[in-house]
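Have a look at this one before I ask anything.
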Amino acid sequence: MKPNLIILSAPSGGGKTTIANALAAARNDIAFSVSATTRPMREGEKEGIDYYFLSQAEFDRRVEDGDFLEHAVYGEHCYGTLEAAVDEILASGRHAILDIEVQGAAIVRQRRSDVVSIFILPPTARDLADRLGGRKTEGPSELGRRLRAAIEELKEATAYDFVVTNVDIVQAVAEVASIIDSEARRTDRIGNLEQHLEELSSGLEEEAARLSAE
Ligand code: 5GP
């Protein structure tokens, strides 16, 4: 099986980070690609686990060095996918999950062919507002800004391969997992398929010869 690059996008509060973390925790064939950001660390976050937290100067230097598969500005901060992080995961045979916003997703889709993109929708507008408010990581003005940003982000949802509505987190995780598994079974994603089919065919030749000799 050739691993895929799985993009998960959603408006802020849509649950994509929870889904990505749940999948990476539950399965050893899926790993979370840790992004770099200039945003300050939130309570409970860890360097190298949630993000690589960089100064603006460090981020700019890594842009110049060509370290990012994509990078984008979201709110007042820069975010970027480190190409080496993604390639390391794929080289180990695992699917790489990218929790990124819509501009970055568009760039990755242009640059790579091994992409499966999934947009996570909230069941209702109120639901998203409540989830974002409940998180208590942003102040009221930031909350309003993120909800308005969500309107813009929804416009990009049709560019994705799949849409999953996050009514229930357990169900949403299962739906995303089933998309990942189905995509991995595409004929062009199965490694050595031709060789496997040839071996099976020669085995069948032998079986046919054995049976007709009986
Ligand atoms: P947050 O600050 O809430 O962690 O993330 C804000 C937004 O940035 C989210 O939509 C998240 O998916 C997105 N994001 C996180 N990492 C990256 C990245 O590497 N590239 C891009 N383009 N967006 C990212």
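Once neighbouring chains are kept in place and the probe is 1.4 Å, which whole percent of the accessible area of the chain is contributed by carbon and sulfur?
Carbon and sulfur atoms account for 52 percent of the accessible area of the chain.
Per residue, how many Å² of accessible area does the chain show with a 1.4 Å probe?
55
If you don't mind, another one. How high is the relative contact order of the chain? Use alpha-carbon pairs under 8 Å, at least six apart in sequence, and give a whole percent.
Values: 289 pairs, mean separation 65.2, N = 214.
The value is 30 percent.
Taking only Cα atoms and a 10 Å spring cutoff, compute GNM fluctuations for the chain and point out the largest among Ser12, Ser92, Ser33.
Looking only at Ser12, Ser92, Ser33, the largest GNM fluctuation is found for Ser92.
Using Cα positions and a limit of under 14 Å, work out the aspartates and glutamates in reach of Lys155, with same-chain residues fewer than 8 apart set aside.
Glu101
With runs of 4+ DSSP H residues as the only contributors, calculate the mean residue ellipticity of the chain at 222 nm using -39,500 (n - 2.57) per run, divided by the residue total and rounded to the nearest 500.
-15000 deg cm²/dmol
For q = 0.08, 0.13, 0.14 Å⁻¹, what log10 I(q)/I(0) does the chain give under the Debye formula with an equal point scatterer on each alpha carbon and no solvent?
-0.34, -0.76, -0.87
Could you work out how far helix 140-154 tilts from the main Cα principal axis of the chain, as a 0 to 90 degree angle to the nearest 10?
The helix 140-154 is inclined about 40 degrees to the chain.
Something else now. How high is the FRET efficiency between Glu152 and Glu83 when r is their beta carbon distance and R₀ equals 25 Å, given to the nearest 0.05?
Once rounded, the FRET efficiency stands at 0.40.
The values are calculated or read from the model by the stated rules, or taken from the named source; none is laboratory data. What you see is a predicted model, and the numbers here were worked out from it, not measured in a lab. In this analysis, Cβ positions are derived from the backbone assuming ideal geometry, glycine residues included, and neighbour counts consider all displayed protein chains. All accessible areas refer to the heavy atoms of the entire protein, side chains included, with ligands and DNA or RNA removed. Shrake-Rupley method; radii C 1.70, N 1.55, O 1.52, S 1.80 Å.
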